[in-house]
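Q: Structure provided below as structure tokens; questions to follow.
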Amino acid sequence: MNKMISIEEAVDHIKDGMTIMIGGFLGCGSPHRLIDALVKKGVKDLTLICNDSGFPEIGAGKLVVNKQIKKLIASHVGTNRETGNQMNSGEMEVVLVPQGTLAEQVRAGGSGLGGFLTPTGVGTVVEEGKQKIEIDGKTFLLELPLRADVALIAGETVDKFGNIVYYGATRNFNTLMATAADMVIVEAEEVVEVGELDPNHVVTSGIFIDYIVNGGGK
């Protein structure tokens, strides 16, 4: 199977109303060229799962500014004023999730788990509407897994099967999101032939990757 496709072909898989995950941490490790192509396409009413809404001009924040997001599930939105504006006006639903809980929700979605228990958020607004379970006298919240129709992630060096090597902290949410979507598209800074990567350096296996776009031109 040839997994290499163009950026335009990649975003054609994303339709109005879909749930998507986008990797990155304040734009670090985000698939920037795929995001730009999504902005250009104008697909709308998306549910976006990501660590944060970036900045107005960086990362997933561009989609917020372009008013393509109907619902945002994230752990941090303070660096993008437009997120707050749309949240306060009711134009966009925003679900704020503690960062560790968000990561574990995505991991649970990728692992086929029914949920997990955490004490984080007990006694705060985070617990509203959630099932509470007591174990050995301690209260936990039942947090449910998160999955998406499509995950857009970024890798430093990717072979043509989809095995990914990341650079430093750019791996962040990308590794988890690669397991938690029906379709996973990776934007590679550099694409190499199968066999060129040291297997000891591969973090995400190509078995999780459906399509690869060459974002770096190498």
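Any read-out appearing in this document is the output of simple, stated calculations on the displayed coordinates, not a laboratory observation. As the structure is a computational prediction, the values presented were derived from the model and not from experiment. In this analysis, Cβ positions are derived from the backbone assuming ideal geometry, glycine residues included, and neighbour counts consider all displayed protein chains.
Q: Out of all DSSP beta bridges in segment 87-217, what portion is antiparallel? Express it as a percent rounded to 5.
A: Counting only bridges with both partners in segment 87-217, antiparallel ones make up about 40 percent.
Q: Moving on to the next point. Counting only DSSP beta bridges with both residues in segment 10-154, what percent are antiparallel, rounded to the nearest 5?
A: 40
Q: Also, I was wondering about something else. Could you compute the net charge surrounding G61? Neighbours are other residues with a C-beta less than 13 Å from the C-beta of G61; K and R count +1, D and E count -1.
A: -1
Q: Another question, if that's okay. Cut-off is 10 Å between beta-carbons; in what order do S30, S205 appear when sorted fewest neighbours first?
A: In order of increasing Cβ crowding within 10 Å: S205, S30.
Q: Which log10 I(q)/I(0) values, to two decimals, does segment 45-156 give at q = 0.20 Å⁻¹ under the Debye formula with one point per Cα?
A: Listed by q, the Debye log ratios stand at -1.10.
Q: Another one. Within a 10 angstrom radius of the beta carbon, how do Y166, Y211 rank from fewest other beta carbons to most?
A: Y211, Y166
Q: Also, quick follow-up: Would you mind ranking I35, I58 so that the residue whose beta carbon has the fewest other beta carbons within 10 Å leads the list?
A: The order, fewest Cβ neighbours first, is I58, I35.
Q: If you don't mind, there's one more thing I want to ask. What's the longest piece of the chain with no exposed GluC sites (Glu not before Pro), counting a site as exposed if DSSP puts it in a loop and it has at most 10 other beta carbons within 10 Å?
A: The segment 58-127 is the longest one with no such site.
Q: A further question follows. Listed here are the pairs K71/K138; K62/K130; K44/K160; K71/K160; K40/K67; K3/K67; which of them are more than 23 Å apart at the Cα?
A: K71/K138; K62/K130; K44/K160; K71/K160; K3/K67
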